[in-house]
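Worksheet for the structure shown next.
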Amino acid sequence: MGPYKVKGIISSNAIKLELFKSIKIHLVVNVSKVRLYKPQVEGQKKIPPKPLIIKGQEKFEVEEILNKRMIRRKEKFLVR
């Protein structure tokens, strides 16, 4: 995730982040969870595949299902 701005230093081991409202995590995090942002090296950027348009809806081709889990009684898949 990220990059996000540091809003303030709470203590020697906790900082407050400036996050989007849609992100459902606490604004104050331990400094061990924060890393310095390094931009991607040119040429390393992965371009996501374009979606297929079927009956007016976007669809993606799944190469492989890597993992699945239940979140709020709905299955979520990690795909390649």
* Hits in segment 53-75 (condition: in contact (Cβ under 8 Å) with a residue 12 or more places away in the chain and in a strand (DSSP E or B)) -> 65, 66
* Of the residues 71, 23, 15, which is at pLDDT below 85, among the β-branched types (Val, Ile, Thr) and either under 19 Å from the mean Cα position of the chain (by Cα) or surrounded by 10 or more Cβ atoms within 10 Å (Cβ to Cβ) (or both)? -> 23
* residue 59 over 15 Å from the mean Cα position of the chain (by Cα), surrounded by 10 or more Cβ atoms within 10 Å (Cβ to Cβ) and either at pLDDT below 85 or not acidic (Asp, Glu) (or both) -> yes
* If you check every pair at least six apart or on different chains, which have Cβ atoms under 8 Å apart with a residue in segment 24-42 that is outside any strand (DSSP E or B) first and a residue that is among the β-branched types (Val, Ile, Thr) second? -> 31/15; 34/6; 34/15
* Does residue 36 satisfy the criteria of being closer than 21 Å to residue 8 by Cβ and in contact with an Asp or Glu (Cβ under 9 Å, 6 or more places away or on another chain)? -> no
* Filtered residues of segment 38-56 (kept if under 20 Å from the mean Cα position of the chain (by Cα) and surrounded by 10 or more Cβ atoms within 10 Å (Cβ to Cβ)) -> 51
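The values are calculated or read from the model by the stated rules, or taken from the named source; none is laboratory data. Here the structure is a predicted model, which is why all the values come from computation and not from measurement. As a convention, Cβ positions derive from the backbone with ideal geometry for all residues, glycine included, and neighbour counts pool all protein chains shown.
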